[in-house]
Structure formats: C-alpha cells, structure tokens
C-alpha cells in the first residue's frame, strides 16, 4: 500500500477512535455548564414566571408558576449533573429539550433575549446540540456507556 494512503488510513482510524468520546463529551460539558448557570440563577432568584405564564405553550400555561419554576430550576440543575456524568443522558436530553422548547416559545421568541434580535438563535443551537446526545448517546466517556457495557451484553 502507498505510504501516503497508509498514513491517511491511520489518521482516519485515530480520528474515528477519538470521535467515539470527545465530541459527545464536549457537547455534554458545554450544555451542562449553560443549563447549570441558568438553574443556579433561578435557584438564587425570584420567580418571574407569573409575568410570562400566558406565553407558555399548553399544558405548561395551566401549571401553577411555583411548580413550573421548581420544575425548570431542578431540570436544569439535575440535567446538568446528569450530562457531566453521562448518566441518564438520553432522559436528561429529552427533559432539557422540552425545557428548551418551552423557554424558546415563552421567553426567547420575539423578546430579543438572546444573541440575535429575534431571540431564536441560541435556543435553536441548544436544541440541535441535544440531538446527537439523544439519538447517539453520551459517548464512550460516560457512566451510561460503562453501565451498558457492563450490564447489557448482547
């Protein structure tokens, strides 16, 4: 085999190996950091959901705001911990996708509360970042992977 082709194959093999854990780890840590900060802000702050409850999509618009605040705060905090550990990653991704869509519809959309004037860009980025974690899992460097390898032998 051509030495250049051999080198290219070796490089591709190494990149594929790194691709089994590094991209998912990066997504998990970045999303965990973002949602942890948001959860801590809610935990330390006052509930402002009553001001925007009418903007929440159904069925969230009929849940009392104290309950919504509690659910949002703890979804962000516990979801962030789950993402860091890579434990229950798909469940955390689903919960945080729902949270993101509700926040997108009620807070971000049209309010300019974001990195762009229409308020849609950042929640959409988060939503897209959760998709690989939901459909491909947390990667090899996770407790989910260890548990699956240990207990789910096929």
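Restricting attention to segment 54-67, which residues are more than 25 Å from residue 130 (Cα to Cα) and not in a loop (DSSP other than H, G, I, E, B)?
In the first step, residues of segment 54-67 are kept if they are more than 25 Å from residue 130 (Cα to Cα); the result is 54, 62-66.
Within segment 54-67, 54, 62, 65, 66 qualify.
Could you list, in sequence order, the residues of segment 11-30 that are within 17 Å of the chain's Cα centre (by Cα), part of a helix (DSSP H, G or I) and either surrounded by 16 or more Cβ atoms within 10 Å (Cβ to Cβ) or free of Cβ contacts under 8 Å to residues at least 40 places away in the same chain (or both)?
If the condition is that a residue be within 17 Å of the chain's Cα centre (by Cα), part of a helix (DSSP H, G or I) and either surrounded by 16 or more Cβ atoms within 10 Å (Cβ to Cβ) or free of Cβ contacts under 8 Å to residues at least 40 places away in the same chain (or both), then 24, 25, 26, 27, 28 are the ones that fit.
Report yes if residue 43 is out of contact with any helix residue (DSSP H, G or I) (no Cβ under 8 Å at 6 or more places or on another chain), free of Cβ contacts under 8 Å to residues at least 60 places away in the same chain and farther than 25 Å from residue 134 by Cβ, otherwise no. Outline the logic, then answer.
On the way: out of contact with any helix residue (DSSP H, G or I) (no Cβ under 8 Å at 6 or more places or on another chain): no; free of Cβ contacts under 8 Å to residues at least 60 places away in the same chain: yes; farther than 25 Å from residue 134 by Cβ: yes.
When the stated conditions are applied, residue 43 does not pass them.
Between a residue in segment 138-150 that is on the phi > 0 side of the Ramachandran plot and any residue that is surrounded by 15 or more Cβ atoms within 10 Å (Cβ to Cβ) and modelled with pLDDT of 90 or more, which pairs come within a Cβ distance under 6 Å, given they are 6 or more apart or on different chains?
Qualifying pairs under 6 Å: 139/24; 139/25.
Quick grid of which residues meet (1) under 20 Å from residue 125 (Cα atoms); (2) more than 22 Å from the chain's Cα centre (by Cα); (3) part of a helix (DSSP H, G or I):
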position	(1), (2), (3)
1	no, yes, no
5	no, yes, yes
9	no, yes, yes
32	yes, no, yes
40	no, no, yes
47	no, yes, no
69	no, no, yes
72	yes, no, yes
77	yes, no, yes
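Has segment 126-135 got any residue that is at pLDDT below 90, in a helix (DSSP H, G or I) and within 24 Å of residue 18 (Cα to Cα)?
Keep residues of segment 126-135 that are at pLDDT below 90, which gives none.
No, segment 126-135 has no match at all.
The values are calculated or read from the model by the stated rules, or taken from the named source; none is laboratory data. Because the structure is a prediction, the values reported are computed rather than measured. Note: ideal-geometry Cβ built from the backbone for every residue, glycine included; neighbour counts use all protein chains shown.
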